[in-house]
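> Below is one structure. I have some questions about it.
The values are calculated or read from the model by the stated rules, or taken from the named source; none is laboratory data. Given the structure is predicted, the values throughout are model-derived calculations rather than measurements. Every residue, glycine as well, gets a Cβ built from its backbone with ideal geometry; the counts of neighbours run over all protein chains shown. The protein model used for the area step is the full one, side chains on, heavy atoms only, and it has no ligands, DNA or RNA in it. Shrake-Rupley method; radii C 1.70, N 1.55, O 1.52, S 1.80 Å.
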Amino acid sequence: MTAKIAYSDVEVGTELPARSFPVDRATLVRYAGASGDFNPIHWNERFAKEVGLPDVIAHGMFTMAEAIRVVTDWTGDPGAVVEYGVRFTRPVVVPDDDKGAVIEVGGKVAAKLDDHTVRVDLTATCGGQKVLGMSRALVRLA
Amino acid sequence: MALDQSFVGRTYPPTAPYEVGREKIREFAEAVGDPNPAYTDTEAAKALGHPDVIAPPTFVFAITFKAAGEVVQDPQLGLDYSRVVHGDQKFAYVRPVRAGDRLTVTSTIEAVKSMAGNDILDIRGEVHDAAGEHVVTAWTKLVARAAEEA
């Protein structure tokens, strides 16, 4: 594992470069195929509304996959991620228009631990509302 | 209907091996729009110290969730899967999943709770490679929302 960020170069409070991840209906169809999660709430508007959702929603695991990119882009080596957890607090609603939705992700170093490991706390929002809670990663730096 | 507490601690037999294909990793990385070369370029992955291309951190969920499905659909447990939503998800990695891995999952029910009419199920999936080495552990919290009163 060779993270390009050195443990000695980061402090508690160091911010990771924030990212925006667009998601539209085509994104969800593609993710369904790649992940094998074909739950119709992620592609069938009629079904989503029948079960009480406002519209088609993104896979929670899609949002989780995007959020960790803030960390893996920062370290360079995705293998530097030692632990990663999230709570799915609110769905990402994806309308059938030419815009879709945008997931905004930020992260900062919340603690420096032993063995060159840091804890990164992530924030993920869509339309200004938090979509992930308790979103944290342990990352081993160089 | 509250779930049976006696299921806590129950471990299910290991799944048949899932072979991690490099093109499946590529497909997943493209689906999440991630161009990191560690997922698609063997030389780039080797330069980072990995023996072959690695999978994005959440890739393994497809395997552990399928294994968890055997638990969720256990008729004796009696969970109403049509009302299930994903509450929490966590992974702890010994090493990244990589192309060529043959992975088995052993699922254990860690907790069964009932809160405000919702059934909450915590499942731990231990993922091992063909050599029996531990690769990653996945924790999945599923919430079966209370049925609406008729």
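> Checking the structure you have, find out if any residue of region A:37-46 is over 23 Å from B:PHE91 (Cβ atoms), crowded, with 18+ Cβ neighbours inside 10 Å and within 13 Å of chain B (Cβ to nearest Cβ).
Yes; the residues of region A:37-46 include at least one that is over 23 Å from B:PHE91 (Cβ atoms), crowded, with 18+ Cβ neighbours inside 10 Å and within 13 Å of chain B (Cβ to nearest Cβ).
> Of these, B:THR104, B:THR40, B:THR64, B:THR58, which one is away from chain A (no Cβ under 13 Å) and within 26 Å of B:GLU133 (Cα to Cα)? First the steps, then the outcome.
Details: B:THR40 fails: away from chain A (no Cβ under 13 Å); B:THR64 fails: away from chain A (no Cβ under 13 Å); B:THR58 fails: away from chain A (no Cβ under 13 Å).
Going through B:THR104, B:THR40, B:THR64, B:THR58 in turn, just one is away from chain A (no Cβ under 13 Å) and within 26 Å of B:GLU133 (Cα to Cα): B:THR104.
> Are any of the residues in region A:89-106 hydroxyl-bearing (Ser, Thr, Tyr), part of a strand (DSSP E or B) and surrounded by fewer than 24 Cβ atoms within 10 Å (Cβ to Cβ)?
Initially, region A:89-106 is screened for residues hydroxyl-bearing (Ser, Thr, Tyr), giving A:89.
From the residues that got through so far, the ones that are part of a strand (DSSP E or B) too are none.
Checked against the condition, which is being hydroxyl-bearing (Ser, Thr, Tyr), part of a strand (DSSP E or B) and surrounded by fewer than 24 Cβ atoms within 10 Å (Cβ to Cβ), region A:89-106 yields no hits at all.
This table checks each residue for (1) farther than 18 Å from B:PRO96 by Cβ; (2) more than 13 Å from every other protein chain (Cβ to nearest Cβ); (3) within 17 Å of the chain's Cα centre (by Cα); (4) free of Cβ contacts under 8 Å to residues at least 40 places away in the same chain.
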{"position": "A:VAL71", "(1), (2), (3), (4)": "no, no, yes, no"}
{"position": "A:GLY76", "(1), (2), (3), (4)": "no, no, yes, no"}
{"position": "A:VAL82", "(1), (2), (3), (4)": "no, no, yes, no"}
{"position": "A:PHE88", "(1), (2), (3), (4)": "yes, no, yes, no"}
{"position": "A:LYS99", "(1), (2), (3), (4)": "yes, yes, no, no"}
{"position": "A:GLY107", "(1), (2), (3), (4)": "yes, yes, yes, no"}
{"position": "A:LEU122", "(1), (2), (3), (4)": "yes, no, yes, no"}
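> Being open to solvent by less than 60 Å² (accessible area, probe 1.4 Å) and of a type in the set (S, T, N, Q) is true for just one of B:THR42, B:THR11. Which residue is that? Before you say what the answer is, go through the steps one by one.
Working: B:THR11 fails: open to solvent by less than 60 Å² (accessible area, probe 1.4 Å).
Answer to the check: B:THR42.
> Taking the criterion of being under 22 Å from B:ARG98 (Cβ atoms) and not charged (D, E, K, R), would at least one residue in region A:19-32 satisfy it? Explain how you work it out, then say what you get.
So in region A:19-32, the residues under 22 Å from B:ARG98 (Cβ atoms) come out as A:31.
If we keep only those that are not charged (D, E, K, R) as well, we get A:31.
Yes, region A:19-32 has at least one match.
> Could you please find all residues in region B:41-85 being within 12 Å of the chain's Cα centre (by Cα) and not in a helix (DSSP H, G or I)?
B:PRO57, B:THR58, B:PHE59, B:VAL60
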